[in-house]
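Inspection log for the structure reproduced underneath, given as structure tokens.
Derivation of every value follows stated rules applied to the coordinates shown; laboratory data play no part. Note that the structure is predicted; figures quoted are calculated from it, not measured. Glycine also receives a Cβ, built like all others from the backbone with ideal geometry; neighbour counts cover every protein chain displayed.
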Amino acid sequence: MKKAELIFIPLPGTSHLAPTLEFAKHLIDREDRISITVLVMKLSFGNQLTESLRTSTAASHSTSIRFIDLPQVDDLPPSHLLMTSPASYFSLFTEKHTPQVRNIIRDIIVSSSNNSVRVTGLVVDWAFVSMVDIAIELNLPRYVFSPFSAGYLSLLRYLSTRYDDDRELQSSDSDLIVPGFVNPVPVSVLPPVLFNRDDYMVYLKIVQRLQDVNGIIANTFSELEQYSVNSFSGDGRFPQVYTVGPLLNLIKRQPANNNSDLDGILKWLDDQPECSVVFLCFGTAGSFSPAQVKEIATGLEQSECRFLWSLRVSSPHDHKSTTTNGDDLPEGFMERVRGRGMVIRGWAPQAEVLAHKAIGGFVSHCGWNSIMESLWHGVPIVTWPLYAEQNFNAFTLVKELGLSVEIMRSDSRKDHDDGIVMGDEIARAVRCVMDGDSEIRKKVKEMSGKSMLEGGSSFDSIGQFVGMNLSV
């Protein structure tokens, strides 16, 4: 029986690595003749979460997914460049690792052929698209993994054709008419990297290189972004787009013996009525100033809704996220909301919380993975974007798809130059998302869980991708 091996090169950051590994598991669960080798490159910082994801994947698929650690190369780009020019950072990071990746892939091809296994393709992260040159040299099919929405891919494809003079975007530019979008896209919702000339040029080169791949694997589903997904059909410049999302780890983690926080959170939720709790969580890097924290508390109190709040406060000195001992909350707040509210100091088990029957709404930073989790579980979102492409994701959810509630109405923004969202706006948004009869809730419920069922778009796309690799 013919066996196939795929080589994955993921970006070693949680928001990219987690869905990439979930896609790998889906392939293997669908077809046991496929095995996957993951090449692991290490950043110069923050590798703990990467190790955790790797450990959990190896535990569930130890015989079919193997990891190869690449030696850390000398002269990595400086860490501060990741903050000031992230696309440029990963362009240099890719360049530094390409020689050793090429040698390792050659060795894998030789080793696999000796074991009657054929390497049938290379899957590289979006940021590492220049590594498809290795696949071209070795005559391998090559694919790009995109952790973004189909709408974001549509935007980048459009930008790659818009400016003949390679001029980066300007904040004064007019709204964009983007193929794949029903509504004009305001320049104000685009991520900051597109206003940085160096990063903008890197992005344009990445989009141009997509013409050299055999397919794009996207963590989305056609039922959600049908208009954007359809816009790629018949575009001779772009390869086939495989919609394979949502890519989520749906296996409930068993709390560790010392994880009393998780036990306490889930026990508290068990005691709440169904769909009665709004969950506030803003990702691993999401935090707020003390002034904004007070407004959130005020809004939650005014809303009179039950809530679970993962609270991080920005340090005024280094802008890092920190937990809080409660000093930033209004005096007497915890006493006044006792019984209907729970505040978590720091990290929250987002996946487990969103899956709980008590959760009826989600106030989110709008990272794409968080959006996928929330929609899968049928939980409507209040959009509170903080950084990167999150403003664009929020625009897509609210204006383009009608699936979410804005934290602040557009007619209110002009009155708040300091960026603070006031308590009354927060209360309004929370009450709106918790409305059990709202059209938004009905539309979100219709999206829940369908794409991965047999006959769903992602189920079919994964099957098509599996068949493609077994026929090579």
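Using a 10 Å cut-off on Cβ atoms, rank the peptides 438-446, 333-341 from the highest mean neighbour count down.
Working: 438-446: 15.6, 333-341: 13.4.
Packing order, densest peptide first, comes out as 438-446, 333-341.
Using a basic spin-label model with each label point 7 Å from the Cα along Cα→Cβ, how many nm lie between Arg106 and Glu223?
Rounded to a tenth, the inter-label distance reads 4.7 nm.
Hey, any idea what the orientation-averaged projected area of the convex hull of segment 130-234's Cα atoms comes to, in nm²? Don't skip to the end; give the middle numbers.
Values: hull surface 29.7 nm².
Computed as one quarter of the Cα hull surface, the answer is 7.4 nm².
Using every alpha carbon pair in segment 105-160, what percent of pairs falls into each 10 Å bin from 0 up to the bin containing the largest distance?
For segment 105-160, the pair-distance distribution reads 21, 41, 24, 11, 2.
Within the set of other residues whose C-beta is less than 10 Å from the C-beta of Leu401, count the net charge using Lys and Arg as +1 and Asp and Glu as -1. Don't skip to the end; give the middle numbers.
On the way: positive: Lys399, Lys443; negative: Glu225, Glu400.
Residues near Leu401 contribute 0 overall.
With a sphere of radius 15 Å drawn around the Cβ of Phe128, what net charge do the other residues whose Cβ falls strictly inside it have (Lys, Arg +1; Asp, Glu -1)?
Charge balance in the 15 Å sphere: +2.
How large is the direction-averaged shadow of the alpha-carbon convex hull of segment 1-88, in nm²?
Working: hull surface 25.9 nm².
For the Cα atoms of segment 1-88, the hull's average projected area reads 6.5 nm².
When the Cα atoms of the chain are enclosed in a convex hull and the volume is divided per residue, what value in Å³ results? Kindly include the intermediate steps, with their values, before the conclusion.
Values: hull volume 74.0 nm³, N = 472.
It is 157 Å³ per residue.
Among Val124, Ser146, Ser174, whose Cα projects farthest towards the positive end of the dipole of segment 97-232, with charges put on the beta-carbon of Lys, Arg (+1) and Asp, Glu (-1)?
Val124
Roughly how far apart, in whole Å, are the Cα centres of segment 340-375 and segment 59-93?
Using only Cα atoms, the two centres lie 28 Å from each other.
Evaluate E = 1/(1 + (r/R0)^6) for Asp271 and Tyr387, where r is the Cβ-Cβ distance and R0 equals 51 Å; express this FRET efficiency to the nearest 0.05. Walk me through the numbers on the way to the answer.
Numbers: r = 35 Å, r/R0 = 0.68.
Once the sixth-power term is evaluated, E becomes 0.90.
I need the P(r) histogram for segment 61-110: all alpha carbon pairs, bin width 5 Å from 0 out to the longest distance, whole percents.
Answer for segment 61-110: a P(r) of 4, 17, 22, 18, 16, 11, 9, 3, 0 percent.
Tell me what the chain gives for mean residue ellipticity at 222 nm when only DSSP H runs of n ≥ 4 count, each as -39,500 (n - 2.57), the sum divided by the residue total, rounded to 500 deg cm²/dmol. Show your work: numbers first, answer last.
On the way: 18 runs with 189 residues, N = 472.
When only DSSP H runs of four or more count, the value is -12000 deg cm²/dmol.
Go through segment 341-370 and name the chymotrypsin sites (Phe, Trp or Tyr not before Pro) that are in a DSSP coil and have 14 or fewer other Cβ atoms within 10 Å of their Cβ. It would help to have the intermediate numbers written out before the result.
Numbers: sites: Trp347, Phe362, Trp368; in loops: Trp347.
Passing sites in segment 341-370 are Trp347.
Rounded to the nearest 0.05, what FRET efficiency do Ile177 and Ser116 have when you use their Cβ-Cβ distance and R0 = 56 Å?
Details: r = 53 Å, r/R0 = 0.94.
The formula returns an efficiency of 0.60 here.
Taking a cut-off of 22 Å between Cα atoms, list the lysines near Lys205, but don't count ones fewer than 8 places away on the same chain.
Lys96
Considering only the other residues whose Cβ falls under 12 Å of the Cβ of Leu138, what net charge follows from Lys and Arg at +1 and Asp and Glu at -1? Let's see the in-between values first.
Working: positive: Arg102, Arg106, Arg142; negative: Asp107, Asp133, Glu137.
Summing Lys and Arg as +1 and Asp and Glu as -1 gives 0.
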